[in-house]
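Here the structure comes first, spelled out in C-alpha cells, and everything after it is commentary.
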Amino acid sequence: MTNRIVLIDEAAGIESVSMLVSEESGPALMARILSEQGTLPVSIVTCDAASADSAAVLVAFWPLSEKVEDLFRAAAAHQIPRLVVIDQVIEFSEMRLLPADRVACIGRAQARRLAVCGNLCEVVGVGALDRTLRVDRSSGGPGRKPRIIIWHSGHGAESESLHAWADAKCIKENFSVDLLCGGGDRALKKLAWADACLTTDSNRLLVSMIMGTPTALARYSACPEPVQPSWRISSMRAIDSVVREMLSPQPARLLFQDTSLHMSLEERTPAIPRLQFLVGEMVQSQRQATCGERRQFTGRTPPFAAGDPMVREERFRHEVLYAYPNWLSDDEAELKVLCERFVRFAKPYESQPLSPEAIHATMECCRSAFQVRPGGLLMMEASIANRSDVPLTSAGSYPVYASYHWRDESGRTVVHDGVRTPVHVPAGCDREVAIKVFAPGETGRYELVLTLVAEGRFWFDASPPNVKWTGWVTVSE
C-alpha cells in the first residue's frame with residue numbers, strides 16, 4: 001500500500017455536484033482518472049481499512065467524518081501527503097481549518113473563504129462537470145408553452161413548497177412544468193431543453209447555471225448564499241412574475257448569473273487535468289520525503305492555455321450591456337457633469353433617520369393559524385406596502401428590520417426582541433418578505449406580533465406608525 005494512492009470513501013449518499021451530473025461517485029470518478037494517468041496504483045477503501053503509514057498519498061472527499069480527520073492527523077506524523085477534494089458547495093457555517101496539506105476547491109470564491117481559515121487551497125473545479133460543457137442546448141418550435149424545470153432534492157420543507165408551486169393555477173395554465181428529482185444524464189437532458197429552472201439548493205443551482213439555463217433559487221432562508229443567484233423566489237406570490245422575467249431575461253441578469261458561476265466554479269477549462277497535476281505533485285513530494293529530502297510542493301496548480309477547446313466564450317459585450325458614461329475620460333468638465341448626475345441619482349437612496357410620523361405602511365400575512373414545536377422555526381410570508389416618501393431598508397446608517405414579539409393569553413410579553421430579518425422596501429412599493437420567527441420555548445397558545453423596527457430608535461407597532469400584523473400560534477410537542 002505504500003506505493004498506492006489511497007482514496008477514502010466515507011461520503012456515501014451525499015448529493016454533491018458530482019453525484020448530480022454523473023452516475024459515478026466522487027471517489028470512483030477520481031480513481032478512474034488517476035488510474036488513466038498511471039502515476040501510481042489507486043485503491044478505494046473505507047476509513048476503517050486505511051492506515052496512516054501505508055499510502056503514498058491519502059485523498060478524502062468532503063464532508064470529512066471524525067474518523068477521517070483522525071486518520072489525516074495520524075498520517076501527518078508519518079509525512080504522508082493528505083488531500084481533501086471538495087466537489088460541492090460549502091455553507092459559510094461549515095468553513096474551518098482542515099487537517100490536510102492541500103484542499104482542492106471547486107472555485108475561487110470557495111478557495112478564498114477556506115484560505116481565511118488557514119487552509120492551503122488549489123482551485124481545481126469538479127471533474128464530473130467536464131462532460132456538461134459538451135451538452136448541446138436545444139430549442140423547441142414556435143407556439144409551444146415555455147418549459148420550466150423544478151429541480152428539488154425530494155425531501156425537506158422547501159421541496160414540499162416546490163410541489164405546491166408546480167400545482168399552482170398560474171403555473172399550470174401558462175407553462176409546461178416538469179418536476180425533477182435526482183441527477184445524472186436524465187437531469188442534464190431535461191436541463192438542455194428547459195427555458196428556466198427553479199431549484200432549492202446551491203449544488204443544483206451551479207449545475208443548471210453551467211448549462212446556461214436562467215435559474216432561480218427557491219429558498220426561504222434569509223442567510224447569505226454561497227452562490228449568488230440572479231433570481232430568487234421566497235413566496236408563491238412572486239413565482240409567476242419571476243418566472244416570466246426569467247423567460248425573457250435581461251442581458252444584465254444573465255451576465256450576473258455567468259459572473260456568479262465563474263466566481264463559484266472553475267468551469268472554463270477541464271478540472272481533470274488540474275486534479276491529475278495536483279496529485280502528481282503530492283506523489284513527488286512523498287518521494288522526496290522517502291529519499292530523505294525535505295517534502296515540498298513545487299508550486300500552485302498552473303492555469304491552462306486560453307486556447308483550450310473547453311473554454312466558454314463570453315456571450316455579452318460590456319459596452320452594449322452597460323452604456324454608461326466614460327468615467328475614464330481625461331476631460332475634467334465631462335467628469336464634473338458625470339459626478340453631479342451621480343449625486344442626483346444617489347440622493348433618493350441615502351439612508352436618513354426616520355421619524356414615526358413620516359411612516360405610512362402596512363403589513364399583511366396570508367395565514368392566520370399556526371402550530372409549531374417549542375423553539376421551532378416559522379417562516380412567515382408577509383407583504384409590506386410602503387406608502388412613505390422614504391425607503392424601509394436594512395442598508396445604511398439607520399437600518400430597518402422585520403422582527404416580532406410574543407405575548408401569552410394574558411397579554412404578557414414573553415419575547416420582546418425577536419430575531420431580525422433584513423428588508424428592503426423602496427418608497428411607494430410593495431415587497432414580499434420571508435420573516436424568520438422562532439417560537440417560545442414553552443408550550444401554550446401565544447399571540448405573534450409581526451412588525452418592523454428602526455434599530456436603536458423605535459418599533460413600528462407603536463402608534464404611530466402602527467405597522468403590525470397579529471395572529472395566534474399554538475406551541476405544542
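Read-outs: derived from the displayed coordinates by stated rules, not from any lab. Values in this document were obtained by computation on a predicted structure and should not be read as measured data. Note that we place each Cβ from the backbone using ideal geometry, even for glycine, and neighbour counts take in every protein chain shown.
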Exercise. With θ set to phi - 60° and the Karplus curve 6.51 cos²θ - 1.76 cosθ + 1.60, what are the ³J(HN,Hα) couplings of segment 437-454 in order, to the nearest whole Hz, using x for Gly and Pro?
Worked result: 10, 9, 6, x, x, 10, 5, x, 10, 10, 9, 9, 10, 8, 7, 10, 9, 7
For this session: Give the long-range amide H neighbours of residue 89: residues separated by 5 or more places, or on another chain, with amide H under 5 Å away, using H modelled in the peptide plane at 1.01 Å from N.
Result: 17, 203
Exercise. In Å, what is the Rg of the alpha-carbon atoms in segment 171-273, and how long is Dmax?
Worked result: 13.6, 47
For this session: Give me the distance in nm between label points sitting 7 Å out from Cα along the Cα-to-Cβ direction at residue 463 and residue 145, one decimal.
Result: 5.0 nm
Exercise. Restricting attention to segment 412-477, which trypsin sites (Lys or Arg not before Pro) occupy a DSSP loop and are surrounded by at most 15 other Cβ atoms within 10 Å?
Worked result: 412, 457
Problem set entry | Whole-Hz ³J(HN,Hα) from phi, Karplus 6.51 cos²θ - 1.76 cosθ + 1.60, for segment 191-197, glycine and proline x | 5, 5, 10, 7, 8, 7, 9
Problem set entry | Linear extension gain, residue 336 paired with residue 455, 0.36 nm per residue minus alpha-carbon span | 39.2 nm
Exercise. How far is it, in nm, from the label point at residue 378 to the one at residue 179 when both lie 7 Å from their Cα along the line to the Cβ?
Worked result: 2.7 nm
Seminar exercise, completed: In nm, the gap between the two label points placed 7 Å beyond Cα toward Cβ at residue 248 and residue 432 is 2.0 nm
Problem set entry | Karplus 3J(HN,Hα) series, Hz, for segment 69-82 with 6.51 cos²θ - 1.76 cosθ + 1.60 (x for Gly, Pro) | 5, 5, 5, 5, 5, 5, 5, 4, 5, 9, 6, 8, x, 10
Problem set entry | Exposure proxy ranking, count of Cβ atoms within 10 Å, fewest first, for 70, 87, 258, 389 | 389, 70, 258, 87
Seminar exercise, completed: Kirkwood radius from Cα pairs of segment 356-475 plugged into Stokes-Einstein at 20 °C, 1.002 mPa s, gives D in µm²/s equal to 148 µm²/s
Exercise. Where does each of 67, 190 land when they are ranked from fewest to most other beta-carbon atoms within 10 angstrom?
Worked result: 67, 190
For this session: Name the residues whose placed amide hydrogens come within less than 5 Å of the amide hydrogen of residue 232, ignoring near sequence neighbours (fewer than 5 apart) on the same chain.
Result: 217
Exercise. When a footprinting reagent is the concern and you count Cβ atoms within 10 Å, what order do 193, 62 take, fewest first?
Worked result: 193, 62
For this session: Starting from the Cα of residue 362, move 7 Å in the Cα-to-Cβ direction to define the label point; list residues of segment 381-421 whose amide nitrogen is under 14 Å from there.
Result: 383-388
For this session: Quick one: which residues, 5+ away or cross-chain, put their amide H under 5 Å from the amide H of residue 122? H built at 1.01 Å from N.
Result: 103, 104, 105
